[in-house]
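Beneath this line is the structure, given in structure tokens, with notes to follow.
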Amino acid sequence: MTSGNQAATESSAALTRAAEKLIVALDVASADAALLLADTLSGHVGVFKVGLELYSAQGPALVRELVRRGASVFLDLKLHDIPNTVRGAARELASLGVSIMTVHASGGRAMMHAALEGARSGAGAGKPPLVIGVTALTSLAESDIADIGWRESPESVVLRLAALAQAAGLGGVVASPHEAASIRRACGPGFAIVTPGIRPADASRDDQARASTPQAAIRAGADYLVAGRPITQSSDPVAAARAIAQEIETALTSAESGDRRA
Ligand code: C5P
């Protein structure tokens, strides 16, 4: 192989490793639109997120179809119910072949434990999904947190619930990029942090009040980055996904060279 070819192969391998960390939110109404995006973006993003809206409209059939086409699916339904009900729901969702699913950490230790049991039994001989916790919704303002009765700052609620999720055996949490660094410090390495609200440095923030760039999220310790509209509403979704993957790769490389210097 010529050195030019070798360099091109290395740079494409690096972009692939970055793309694996990119989750695209399929926030579209129809199955056709979701499947078209999944086919178009295949190989350019690691995971496809199906949220409550798309799941409510299209149900398990769409998830099965995405999995059949080889997609990794993050089913973000934020389960929160009594342990027995959550165990059963997690079993059914895991049996669809999803890779990641969410539960509310405020459902408590027994509920999270039941979700893990359900996910394991639903996966059968397959790999169980990564079950991650939602701490405090980022839409909650300080006054909402007080109304709920959590007599703490939003940051300490997030850290307490992240620690509870970890103690219950969950594999990680969803968190704003602004909370990621303190969760990483509190929960250590190996606990997955998934951050939504990602915007490329030069992009519109849409309605994300506290957006972060891919570099800032990676530097704060995020393992997976969720981006929706910057990709799905772009006139060229592949180019938009590749640009974000490139920003992730730049941050990973600079973090590694920082580690080597330290
Ligand atoms: O289009 P955008 O990049 O803002 O989409 C972000 C996705 O992440 C949406 O599916 C949204 O529901 C989800 N999300 C979020 N903030 C949270 C939790 C989830 O934006 N705190």
The listed residue being among the small types (Gly, Ala, Ser) and touching a Phe, Trp or Tyr at 6+ places or on another chain (Cβ under 6 Å), out of Gly107, Gly172, Gly126: Gly172
Residue selected from region 26-74 under the condition among the basic types (Lys, Arg) and surrounded by 14 or more Cβ atoms within 10 Å (Cβ to Cβ), by the criterion nearest to the ligand (Cβ to nearest atom): Lys49
Odd one out for Thr195, checked against (1) within 28 Å of Ala163 (Cα to Cα); (2) touching a residue at least 40 places away in the same chain (Cβ under 8 Å); (3) crowded, with 20+ Cβ neighbours inside 10 Å; (4) within 12 Å of the ligand (Cβ to nearest atom): (2)
Selection count, region 163-192, where residues are within 11 Å of the ligand (Cβ to nearest atom) and either surrounded by fewer than 18 Cβ atoms within 10 Å (Cβ to Cβ) or among the basic types (Lys, Arg) (or both): 0
Any pair with Cβ under 6 angstrom, 6 or more apart, that starts in region 203-217 at a residue that is closer than 18 Å to Glu179 by Cα and ends at one that is away from the ligand (no atom under 12 Å from the Cβ) and not in a loop (DSSP other than H, G, I, E, B): Pro214/Glu247; Pro214/Ile248; Gln215/Glu247; Gln215/Ala251
Condition broken by Ala110, with the remaining ones in (1) more than 25 Å from Leu159 (Cβ to Cβ); (2) surrounded by fewer than 16 Cβ atoms within 10 Å (Cβ to Cβ) satisfied: (1)
Filtered residues of region 227-237 (kept if open to solvent by 10 Å² or more (accessible area, probe 1.4 Å) and either charged (D, E, K, R) or closer than 25 Å to Ser254 by Cβ (or both)): Arg229, Pro230, Asp236
Number of the condition not met by Ser143 [criteria: (1) within 16 Å of the ligand (Cβ to nearest atom); (2) over 26 Å from Gly188 (Cα atoms)]: (1)
Selection status of Glu155, charged (D, E, K, R), buried (at least 22 other Cβ atoms within 10 Å of the Cβ) and assigned to a helix (DSSP H, G or I): no
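Would you point out which residue out of Asp206, Asp202 is charged (D, E, K, R) and either surrounded by 14 or more Cβ atoms within 10 Å (Cβ to Cβ) or within 13 Å of the ligand (Cβ to nearest atom) (or both)? Outline the logic, then answer.
On the way: Asp202 fails: either surrounded by 14 or more Cβ atoms within 10 Å (Cβ to Cβ) or within 13 Å of the ligand (Cβ to nearest atom) (or both).
Residue meeting the stated conditions: Asp206.
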First in region 221-236 and in contact (Cβ under 8 Å) with a residue 12 or more places away in the chain, second anywhere and in a loop (DSSP other than H, G, I, E, B) and open to solvent by 60 Å² or more (accessible area, probe 1.4 Å), Cβ under 7 Å, 6 or more apart: Gly228/Asp27; Arg229/Asp206; Thr232/Asp27
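The values are calculated or read from the model by the stated rules, or taken from the named source; none is laboratory data. Keep in mind the model is a prediction, meaning the values are calculated, not measured. Here Cβ is always computed from backbone atoms with ideal geometry, including for glycine, and neighbour counts include all displayed protein chains. What goes into the accessible areas is simple: the full protein's heavy atoms, side chains included, and nothing from ligands, DNA or RNA. Shrake-Rupley method; radii C 1.70, N 1.55, O 1.52, S 1.80 Å.
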